[in-house]
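A quick write-up on the structure given underneath.
Every number in this text was worked out from the coordinates using simple rules, so none of it is lab data. These numbers come from a predicted model, not from an experiment. Here Cβ is always computed from backbone atoms with ideal geometry, including for glycine, and neighbour counts include all displayed protein chains.
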Amino acid sequence: MPFDPPNPISLSSRLHPKRRPLSPSTDVDVDHPKKRQRTEKDSHSNIVDDNLPVHHANLAGSAVFYTLSHGRAVFRLLEAYTMLEATKDSSAQYPPPGCYPETRLKLTAKLKAWLFGEMAKWRMLWVRGRAGTGKSAIAQTFAESCDGWGRHGGSYFFSRIAGRTKLETVIPTLVYQLAHAIPEYKALISTELANNSLLLRNSPIVQFKRLIIEPLSALQRQCPREPMIIILDGLDECKGEDAQLKILEMISDSLRTSLDLPLRWLIFSRPEPHLKRTFFQIQDCAREELTIDAECRDDVEHYARGRVLKFKATYSDVTPTDWPSQEDFQKLVTAVSGHFVLAATSLNYIGDPDKANPPAQLDALLKFMYRSEVSLADPLESLDMLYSWILGHISPILFGTTWRILAHLFHHSELRPYLQIDGSAQALYNLLRLEPSIFYEALRELRPIMRIPKPEDAARYQVQFHHVSFQDFILDPKRAKEFFIEKQKMQVDILKSVLYWHDIDVKHFHADDQIYDYTHRHGSLPGLTWIPAKHKQLLVDSQAIAKYIERNYFDLVSNIRWEGIDEELLAHIYNLDFKHWPASYIYHLTKSARLESESSNSFVRTVPSSPTDHQLLEYLNQMIKHGVANPATFPLGQPFNDSNTWARDYYLIGHGVKSVVVLMTKSPAQWVQRIHSFHSDKEPSEEQISKFNHDLKELKWDEEKARECIDHYIHSQLPE
């Protein structure tokens, strides 16, 4: 319990009404500030750049020389920087996209001719096509063929809906695959990385030169070999046009300047204007366009016929032998207009295992298609109509839950690629606090659009969308209309989940002397809605949720539009118990949400209003040894934006015993400030004091200089 003395301690003698220093202290000698490194367990002391969210990532380079002397060491080192889910054999791609048997034969022959025959003079080939024309299926099928021929060097399948969008992971992922494919190359890059352990933190251009161009060219000069194929699928889904063009610039420069580089590049993308302009300027590049022509229509018909035969075999008890009639089948083929994704989504609807009645599903689909004149529309417009129709089947009672699930699935790809909930569908519905039965009922109508694991597989597999076109649709207000998922509303809902679980996490597992374990190696979170049979899976889900919080918190708090924010979210924030929160989390919430302006009940304050507040300020004085400290000015940020200033401000946040005092310290020795927080349950521990003093050393904190600077700042703010 907090210490509430009968006669509250008055700090008026220490906190001057004009914000003068508290009392003098001695100077502290320090090490260079950049030598500080975060350990697995850290106190509520955080290094904060006032303009950037805080993320925690570290790779120990000291072990590189030892590690690379062992067999798989180079792969372990690379893995931290790769996106292995983007490779052709990744389980994230299961089942992998691929061309239906006996389709795309003409294009496959052209690709083979580019590799072995008359088109072999071109070292780059661009295959372009609109959404839903089957680019990824062709890329996957050809990658598997190249593997069989011993010519697959590497592949990267970009995907917005799966979070595979980050330029920085492309080169390490290709290097990883090339090292598997070419043992001599693996030996060269092992030496290179042992000599320069920071190379994987360099720019993609430097990595491309040092880890791909130079070693492969050197090997080619020593022992010429047939070129390996590198496949990049969905280049337009790499995050940012600049990043997409940077990839093309690196490749085209290598084609021009490194004639002995034994690589060929096969790139698939939509025909976006900036990509068209660039590809048409690359001289050593052949081009192929995927169009909906007679061959494509024949391929789609062949695909549809094959799937219908499977439906008849699977549901023989409800499908007559003469189903479907030739007339109905041709209506379906005409309506999908040779468009593979439109055809696949339609056939997924017909064969929906939850309905298990293909004849009835086909009848309903054809009635919709001809009532809506789908066959007369542009294929993408037809796809939008079909998506809207499928979403319209969801019960209004359930749609709010469906919306929440979709929002969480789309959220990570809208921000940063690593923000998705790890692991499984089970972890997702635990994150959302949904009973399994409600989760599956809410997604029941979306099987034509999504791959949804069975309940017995929910702990192993993720919920996945069949095609990125659904995300394009539902995040576009003009196309999705009443089904549109608006970004602000999506982020608010996700932040509610993040705050709920973070509050539980810190209360149960991070309450020991305010020491925060960033590895989250602790017990299972209480209140999970799905309790798996294996206790180990319970821990996996809990860790996935804890990591999701850490990855998403700063982006959400920084990116949400706080003006006129949801009242339910504000009520949740006002009820939070900040005692065991990391200080940086509290600071960013205060700064971004402008809680001092939202609160009419002194939620954020600098003047003590209770015995708990007085106790907090007493503990603060103990920590700073009655040195200089001033009430914070709002909005937070000044004077900390000035890199040459000394500053130490504080404020109180929270209600009653849930309150903490937050201390912000800045010196000219470092361009970031240090944030600490203290609660009133007990005096600061020895470990907290040690961490605080360590930070002061790194800041090269000088109490006298700080007093002079802060006093000058205070007087400059007073009215003349």
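Just a few scattered comments:
- Proximity of backbone amide H atoms, modeled 1.01 Å from N, is registered between Ser159 and Arg164, Thr165 at under 5 Å, excluding neighbours fewer than 5 places apart on the same chain.
- Cα gyration tensor, the stretch 81-290 - rounded (a/c under 1.5), prolate or oblate: rounded
- Set Lys312/Lys355; Lys666/Lys691; Lys496/Lys658; Lys239/Lys496; Lys112/Lys331; Lys88/Lys166 screened for pairs whose C-alpha atoms are more than 23 Å apart: Lys239/Lys496; Lys112/Lys331
- The residues neighbouring Val498, those whose beta-carbon lies less than 11 Å from its own, together hold a net charge of -3 under the Lys/Arg +1, Asp/Glu -1 convention.
- For the stretch 81-290: relative contact order, % (alpha-carbon pairs under 8 angstrom, 6 or more apart): 32 percent
- In this label model, Ile438 and Arg287 are separated by 5.3 nm, measuring between points 7 Å along each Cα→Cβ vector.
- Using a Förster distance of 51 Å, the FRET efficiency for Ala356-Cys223 (Cβ separation, nearest 0.05): 0.30
- Straight-line cross-link reach from Lys186 at under 17 Å between alpha-carbon atoms covers these aspartates and glutamates, not counting any fewer than eight positions away in the same chain: Glu79, Glu214.
- Spacing of the two label points (7 Å from each Cα toward its C-beta) at Ser602 and Phe399, in nm: 4.6 nm
- Here the calculated FRET efficiency for Asn693 and Trp671, from their Cβ-Cβ distance with R0 = 35 Å, stands at 0.95, rounded to the nearest 0.05.
- Size descriptor for the stretch 226-314, Kirkwood hydrodynamic radius: 15.8 Å (Cα pairs only, one decimal).
- Calculated SAXS-style log₁₀ I(q)/I(0) at q = 0.15 Å⁻¹ - the stretch 294-391, Debye, Cα scatterers: -0.54
- Here the 3J(HN,Hα) profile of the stretch 263-274, calculated from phi with Karplus coefficients 6.51, -1.76 and 1.60 at θ = phi - 60°, is 10, 10, 10, 10, 10, 10, 6, 6, x, 5, x, 5 Hz, Gly and Pro shown as x.
- Residues Met119, Met250, Met369, Met83, sorted so that the one with the fewest Cβ neighbours within 10 Å comes first: Met119, Met250, Met369, Met83
- Distance between modelled label sites at Lys489 and Glu708, nm, 7 Å Cα→Cβ extension: 5.8 nm
- Cross-link reach is defined here as a Cα-Cα straight distance under 17 Å, omitting same-chain residues fewer than 8 places apart; for Lys110 the lysines meeting it are Lys121, Lys135.
- Relative contact order of the stretch 294-391, pairs being alpha-carbon contacts under 8 Å that are 6 or more residues apart, as %: 30 percent
- Its Kirkwood hydrodynamic radius, worked out from the mean inverse distance over all distinct Cα pairs, puts the stretch 192-246 at 13.5 Å.
- By the beta-carbon count within 10 Å of each Cβ, the least crowded to most crowded order of Val672, Val336, Val318, Val607, fewest first, is Val607, Val318, Val672, Val336.
- Using Cβ point charges alone (K and R +1, D and E -1), the dipole size of the stretch 294-391 about the Cα centre works out to roughly 220 debye.
- A cut-off of 5 Å between modelled amide H atoms, ignoring neighbours fewer than 5 places along the same chain, links Leu290 with Arg128, Gly129.
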